[in-house]
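Quick notes on the structure that follows.
The values are calculated or read from the model by the stated rules, or taken from the named source; none is laboratory data. Remember, it's a predicted structure, so these values are computed and weren't measured experimentally. Cβ atoms come from the backbone with ideal geometry, glycine included; neighbour counts cover every protein chain shown. Surface accessibility is based on the protein's heavy atoms, side chains included, excluding ligands, DNA and RNA. Shrake-Rupley method; radii C 1.70, N 1.55, O 1.52, S 1.80 Å.
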Amino acid sequence: LKTPLTSIITYVDLLKNGEMDEETRQEYIDILDVKSKRLKVLIDDLFEVSKATSGDVELDLEAVDVIALLRQTLGELEEKINESTLQMKITLPENKIVCELDGRRTYRVFENIISNILKYAMPNTRVYIDAKEVERQVSFVFKNISAYEMNFDPSEIMERFTRGDTSRTAKGSGLGLAIAKSLVELQGGSLHIDIDGDLFKLTVAFPKKAA
């Protein structure tokens, strides 16, 4: 929060105090626009993760076909996926798998996970997305090769607002997976991360709706 706020204060002072040509003025205004939008993303995500971790979220539970929902999420992100150099290897069952979930929140879970992959996976590598069904639950496994050295414990991603890269240049807040984990657990599911060298593996599991 401090980084974009400091930039905003600096450029506002420059606009107030300095004499400048119109081109420079417009350049500063454009920077302010970018920084203020970045600050809004940070505040929105911080607010959402605070609500989710405290359980202060109203869930609209219904019978959801989670396979169809994941396909929908991938479809919505198709343009971004095609713009990347990643090869998506997706293996999903043809049959429905129904869980008692909040469709909108679960869509956000899948969106955050896939967006995280698009940001931090090594270019020109394969991404594997698989669904596995057992008697009482369904699990989704996302695997990718990280573009950054993951010399930290997987729990840090959730316990601290850690990003895969140590720079602050990436878009987003770095809270996407923390939000996803909280929303999954609120719905009776689990989210687990495994790191093996450069392999990043994330597993989401939901209980199936009782027959």
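Farthest toward the dipole's positive end in the range 58-99, which of GLN87, LEU77, LEU59, given Cβ charges of +1 (Lys, Arg) and -1 (Asp, Glu) about the Cα centre?
GLN87
Over the Cα atoms, compute the radius of gyration (one decimal) and Dmax (the largest Cα-Cα distance, rounded to a whole number) for the range 68-111, in Å.
11.8, 35
Using a 1.4 Å probe, how large is the accessible area of THR6, given in Å² and rounded to the nearest 10?
70
Between THR91 and GLU62, 0.36 nm times their residue separation minus their Cα-Cα distance comes to what?
Extending this stretch completely gives an extra 7.9 nm.
Given the pairs LYS40/LYS209; LYS96/LYS201; LYS35/LYS89; LYS80/LYS201; LYS80/LYS132, which span a C-alpha to C-alpha distance of over 30 angstrom in this model?
LYS40/LYS209; LYS35/LYS89
Using 0.36 nm per residue of separation minus the Cα-Cα distance, give me the extension gain between GLU100 and VAL134 in nm, one decimal.
Fully extending the segment from GLU100 to VAL134 adds 10.6 nm.
May I ask you to order 188-200, 20-32 by the average number of other C-beta atoms within 10 Å around their residues, highest value first? Could the numbers behind the result be given before it?
Details: 188-200: 15.5, 20-32: 12.2.
Descending mean neighbour count gives 188-200, 20-32.
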